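Remarks on the structure that follows.
Every read-out reported here was derived from the displayed coordinates using simple, explicitly stated rules and does not represent laboratory data. On a predicted model such as this, the values are computed, not experimentally measured, just so you know. Virtual Cβ from ideal backbone geometry, glycine too; neighbours counted across all protein chains shown.
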2 protein chains.
Amino acid sequence: MQASVIICTGGLGPTHDDITKDVLCAYFNDVLTENTVWLEHLTTFMQQRGRELSARNALQAMLPSTATMLFNPVGTAPGMLFERDGLVVVSLPGVPQEMKTIMTEHVVPHLTTMVAARDEAVWEYRTLHTTGIPEAALADVLGHPAAFLNNGTLAFLPNMSGVRLRIGVCARSADERTADLDRITSYIEQRAGKWVIGEGDTSLAEVVGRMLRARSETISVAESCTGGMLGAALTDIAGSSAYVEGGVITYSNAMKTALLGVDAHDLAMHGAVSETVARQMCEGVRRRCGTTYGVGITGVAGPDGGTAEKPVGTVWIGVAGPAATVVTMYRLGTDRRMNRERSVAAALAMVLSMMKGTDRAS
Amino acid sequence: MQASVIICTGGLGPTHDDITKDVLCAYFNDVLTENTVWLEHLTTFMQQRGRELSARNALQAMLPSTATMLFNPVGTAPGMLFERDGLVVVSLPGVPQEMKTIMTEHVVPHLTTMVAARDEAVWEYRTLHTTGIPEAALADVLGHPAAFLNNGTLAFLPNMSGVRLRIGVCARSADERTADLDRITSYIEQRAGKWVIGEGDTSLAEVVGRMLRARSETISVAESCTGGMLGAALTDIAGSSAYVEGGVITYSNAMKTALLGVDAHDLAMHGAVSETVARQMCEGVRRRCGTTYGVGITGVAGPDGGTAEKPVGTVWIGVAGPAATVVTMYRLGTDRRMNRERSVAAALAMVLSMMKGTDRAS
C-alpha cells in the first residue's frame with residue numbers, strides 16, 4: 001500500500017452503471033445495509049421538491065456497514081469514509097457542487113485532524129491573488145525565488161482574472177509555518193503589492209463586492225459581447241444584492257439605443273465597438289440605474305464579426321464613476337470564450353482601480 | 001510500460017516552477033532547442049497585444065528537439081507530442097481553453113489515426129442529451145440495460161441541465177459500430193424520445209438557439225436571481241446575435257419597476273419572488289425588446305432571503321411567447337450556485353417546450 005489516503009468521486013448514482021459501492025464493499029469485505037438516517041433525509045428531500053421517493057432512489061440509502069456516512073446537504077448520494085489499518089478511503093458523489101461541499105465540510109476537517117495528530121512536519125499553503133500583470137512580468141518583478149523562499153515553494157497559477165501565487169512552507173509547528181508564510185508574503189507584497197488583490201480563493205468579483213459594500217456604493221452593468229457574464233459574476237457572490245442594482249444586456253444595436261439611449265448616429269458612425277459607445281453605455285446605465293458606478297462592455301468576441309480595423313478580440317470597456325469616466329480598449333485573443341471571460345476580468349479590474357484611485361481618469 | 005498513451009497538462013509556463021519540459025527532456029534524453037516557428041509566432045502574438053516579447057516569454061520557444069510541436073492558437077505555450085517505441089507522450093498547457101483547443105485540433109485526430117491504423121476492435125461513444133426527467137426516473141423508463149445493450153455500455157451522466165446518456169459500443173468496423181449505436185439510440189428514442197434534446201456536446205442553450213435561428217425568432221431575458229447567467233448562456237453560442245436581442249438584469253426591486261415596468265404595488269403585495277412578478281418580467285422584457293419570446297426569472301438563490309413560505313430554492317420562471325405566457329414555480333435546493341444554474345436550465349427547457357408546443361399554456 002503506497003497511498004495512505006485515497007479519494008474517489010463519482011459512481012454513487014441510482015443507475016446500473018454506478019458500481020462504486022459494490023466495489024468498495026468487495027474490497028473491504030463489507031455489505032450494504034439500510035442507513036435509516038439517510039433514508040429519512042431522502043424522503044424529506046424528495047417531499048420538499050414535491051416528489052415521492054422511488055424504490056430506485058431509496059437504494060441510495062443502502063450504505064456499506066463499516067463506512068462513516070458523510071452528509072450531503074445538496075444531493076441524494078452521501079459520501080463515505082472508510083478507515084482500515086491506517087488507510088483512509090473516501091468516496092464522494094461526482095456532481096461537482098456535491099463533491100466540493102462534502103470535501104469542504106467533512107473530508108478536509110477529518111484529514112486535518114488526522115495529520116495534526118501525527119505531529120510531523122506538514123506543508124501549508126497560502127495563495128495571493130494578483131491581477132493586471134502577466135505571469136512572466138510578475139516573475140521578473142519578484143526576482144529569483146531562491147532569494148526569498150528558503151525551503152518554501154512558489155507556484156505561478158495564471159487564470160483569466162490574473163495570476164495566483166501559491167506559497168508553500170513546511171514545518172512541524174503551526175506558528176513556524178505562519179511565520180514563514182508571513183515572511184514570504186511580506187516580501188511579495190513589497191515587490192508586487194500593487195497587483196495583489198486578495199488571499200485565498202477570493203475572486204475579483206468578491207474583492208470588488210467587498211469594497212463596494214464597505215463604502216456603501218452600488219454598481220450597474222451594460223453588457224454587449226459578454227451578454228450578462230459580468231452581472232452573473234457580480235451576483236455570484238452571496239449578499240451581492242447590497243450593492244448590485246442590475247443593468248442591461250444590449251446585445252443588438254437596437255437595444256443599445258432603446259434600453260440605454262446610445263446615440264444611433266454614433267453607432268452608425270463609429271460602430272458598436274468603439275470608445276464613444278462604451279462611454280455612452282457605462283454612463284447611460286449608471287444614470288438609468290442610479291448607481292455609484294456603471295460599467296459598459298462592447299467588443300468583438302468572435303469567431304465572426306472581426307474586421308481589419310477591429311479584429312476579433314477588440315473590446316472597449318468603460319467605467320463611469322462619481323468623479324470621471326474611464327474608457328479603455330483591449331486587444332484580446334481569438335477565442336470567443338476566453339475573450340468574454342477576459343473582458344469580465346478586465347472590467348472588474350478597472351472598477352477596482354477606480355475605487356482605489358489608481359486608474360487613469362479621462 | 002503499461003500505458004501506451006500518456007497525456008499530461010500544465011507546467012509549461014515561463015516561471016521557475018514550470019518544469020515539465022525539463023522532466024520530459026530528461027526522460028527522453030532530449031535537449032531544448034529554439035523552435036523558430038514558435039518564436040516568430042510568439043513575437044507576432046505579443047505585437048498584436050501591444051507588448052514586446054520578453055526574454056522570459058521567449059523561453060517558451062525552447063522545445064525538446066525530438067517532440068512534434070502542437071500549435072496553440074490561444075496561448076503562448078505550444079503542446080508537444082513524443083513518440084518512442086510505441087509510447088505516445090503528450091504534454092499540454094494547463095489553461096483549460098488552451099488545453100481543450102490543442103486536444104481537439106491535434107491530439108484527438110492523431111490518436112484516432114493511430115488507433116484506426118491498428119485495425120483492432122475499438123470503442124465508440126455517442127451521447128444523448130435529455131432534459132426534464134431525473135436520473136432515476138429515466139432509468140425506470142428505459143428498463144434493464146441488458147435488454148437492449150447487448151455488448152454495449154450505457155452511462156447516466158447527470159448535470160444541471162439534465163441527464164446525458166453515453167452509449168458505448170465496441171467493434172472492428174466503423175459500419176458495425178454505427179449500426180450498433182443506431183440500434184441503441186433508436187431504442188432509447190422510442191422509450192424516452194420526448195426528453196432527448198440532442199446529441200453530443202450540445203448544450204440546452206445551443207438547442208434553443210438553433211431552433212430560434214431556424215424559425216427566425218428572437219429572445220430577450222429579464223433576470224433577477226440569475227443576475228445575467230441566462231443571457232450569458234444564450235450568448236455563449238457563436239452566432240447568437242442572430243436571435244438574442246438582449247434584456248435587463250433587475251436584481252433590485254427598484255430596477256424591476258424602473259427597467260421593466262413591474263407594478264410597485266404587486267411587488268409590495270406579492271413580493272419579488274411571485275407568479276405575478278415573473279409574469280410581468282417576461283411580458284415586460286418581451287414588449288420592451290420587441291422579441292418573439294421573453295423570459296423572466298425571479299427567485300431566492302440563497303443562502304439568505306428565505307422565509308417559511310418562500311424558502312431558499314423557490315424560483316418563479318415566466319416565458320412569454322406569441323400565443324401565451326407560461327409561469328412555473330420551482331422548488332430547487334439550498335445551494336446558491338446550483339439554484340442559479342438550475343434556474344437557467346429550467347428557463348431554457350421552458351422556452352424549448354413552448355417552441356415545441358409541449359408546454360402547459362396559461
Exercise. Non-local amide H neighbours of B:THR218 (under 5 Å, H modeled in plane, Pro and chain starts lacking H): which ones?
Worked result: B:THR292, B:TYR293
Exercise. Pick from A:GLY11, A:GLY228, A:GLY261: which is most flexible by mean-square fluctuation in a GNM of chain A where alpha carbon atoms under 10 Å apart are linked?
Worked result: A:GLY11
Exercise. Each residue of segment A:61-74 in order: what ³J(HN,Hα) in whole Hz does its phi give by Karplus 6.51 cos²θ - 1.76 cosθ + 1.60, θ = phi - 60°, with x for Gly and Pro?
Worked result: 8, 7, 10, x, 5, 9, 8, 7, 6, 9, 4, 10, x, 10
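In whole Å, what three semi-axes, largest first, describe the equivalent ellipsoid of segment A:182-294 built from its Cα gyration tensor (square root of 5 times each eigenvalue)? Kindly include the intermediate steps, with their values, before the conclusion.
Details: eigenvalues 215, 55, 27 Å².
The three semi-axes for segment A:182-294 are 33, 17, 12 Å.
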Seminar exercise, completed: Rg from C-alpha atoms of chain A, normalised by the globular rule of thumb 2.2 N^0.38 Å, equals 1.24
Exercise. From the label point of A:GLU83, set 7 Å along Cα to the beta carbon, how far off in nm is each other copy's matching point, shortest first?
Worked result: 5.2
Exercise. With the contact rule set at Cα under 8 Å and sequence spacing of 6 or more, what percent relative contact order holds for segment A:180-244?
Worked result: 31
Exercise. Which order results if B:TRP195, A:TRP316, A:TRP123 are arranged by neighbouring Cβ count within 10 Å, fewest first?
Worked result: A:TRP123, B:TRP195, A:TRP316
For this session: Sort shortest first the distances from A:ALA254 to its counterpart in every other copy, using label points 7 Å along the Cα-to-beta-carbon line, and give them in nm.
Result: 3.1
Exercise. On alpha-carbon atoms, Rg over Rh for the protein assembly as shown using Kirkwood Rh?
Worked result: 0.96
Seminar exercise, completed: For B:VAL122, the residues 5 or more places away or on another chain with a placed amide H closer than 5 Å to its own amide H are B:ALA171, B:ARG172
Exercise. Segment A:177-233: Rg/Rh from Cα coordinates, Kirkwood Rh?
Worked result: 1.13
Problem set entry | Percentage relative contact order, segment B:1-85, counting C-alpha pairs under 8 Å, at least six apart | 26
Problem set entry | Among A:ILE317, A:ALA349, A:ALA61 the positive-end extreme of the charge dipole of the protein assembly as shown (Cβ point charges) | A:ILE317
For this session: Starting from the alpha-carbon convex hull of segment B:238-358, give the projected area averaged over all orientations, in nm².
Result: 7.8
For this session: Rounded to whole Hz and in sequence order, give me ³J(HN,Hα) for segment A:249-266 from the Karplus expression 6.51 cos²θ - 1.76 cosθ + 1.60, θ = phi - 60°, writing x for Gly and Pro.
Result: 9, 10, 6, 9, 4, 4, 5, 4, 7, 5, 8, 10, x, 5, 5, 4, 5, 4
Exercise. Taking θ as phi - 60°, what are the ³J(HN,Hα) couplings along segment A:202-208 by the Karplus curve (6.51, -1.76, 1.60), each to the nearest whole Hz, with x for Gly and Pro?
Worked result: 3, 9, 4, 5, 6, 5, 4
Seminar exercise, completed: Among residues of chain B, the one whose beta-carbon sits nearest the axis that rotates B onto A, given with its distance in integer Å, is B:GLY228, 2
Exercise. Where Rh is the Kirkwood radius over the Cα pairs of segment B:102-176, the temperature 37 °C and the viscosity 0.692 mPa s, what D in µm²/s does Stokes-Einstein return?
Worked result: 228
Problem set entry | Amide H partners (placed H, <5 Å) of B:VAL95, local residues excluded | none
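Hey, fewest Cβ within 10 Å first, where do B:SER220, B:SER353 land in order?
B:SER353, B:SER220
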Seminar exercise, completed: Here segment B:44-129 gives, from Cα atoms, an Rg and Dmax in Å of 16.3, 51
Exercise. Under 21 Å Cα-Cα from B:LYS310, which lysines qualify once same-chain neighbours fewer than 8 residues away are excluded?
Worked result: B:LYS256
For this session: Any chance you could list P(r) for segment A:1-70, counting all Cα-Cα pairs in 5 angstrom bins from zero, rounded to whole %?
Result: 3, 15, 22, 24, 18, 9, 5, 2, 1, 0
For this session: Only helical DSSP H runs with n ≥ 4 go in: add -39500 (n - 2.57) per run for the protein assembly as shown, normalise by residue count and round the 222 nm mean residue ellipticity to 500 deg cm²/dmol.
Result: -12000 deg cm²/dmol
Exercise. So what's the convex hull volume per residue for the Cα atoms of segment B:135-209, in Å³?
Worked result: 97
Exercise. For the charge dipole of segment B:260-323, defined by +1 on Lys and Arg C-beta atoms and -1 on Asp and Glu C-beta atoms about the Cα centroid, which residue among B:GLY290, B:ALA301, B:ALA268 has the Cα displaced farthest towards the positive pole?
Worked result: B:GLY290
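Within a 10 angstrom radius of the beta carbon, how do B:GLU309, A:GLU341 rank from fewest other beta carbons to most?
In order of increasing Cβ crowding within 10 Å: B:GLU309, A:GLU341.
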Exercise. If the cut-off is 24 Å between C-alpha atoms, which lysines fall inside it for A:LYS356, apart from same-chain ones fewer than 8 positions away?
Worked result: A:LYS194
For this session: Please list, or write none, the aspartates and glutamates whose alpha carbon is within less than 12 Å of the alpha carbon of A:LYS21, excluding same-chain residues fewer than 8 places away.
Result: A:ASP30
Exercise. When only C-alpha pairs under 8 Å and at least 6 residues apart count, what is the relative contact order of chain B, in percent?
Worked result: 10
Problem set entry | Global size of segment B:43-87 as Cα Rg and Dmax, reported in angstrom | 13.1, 44
Seminar exercise, completed: For B:ALA324, inter-copy label-point distances (7 Å, Cα→Cβ), nm, shortest first, read 5.7
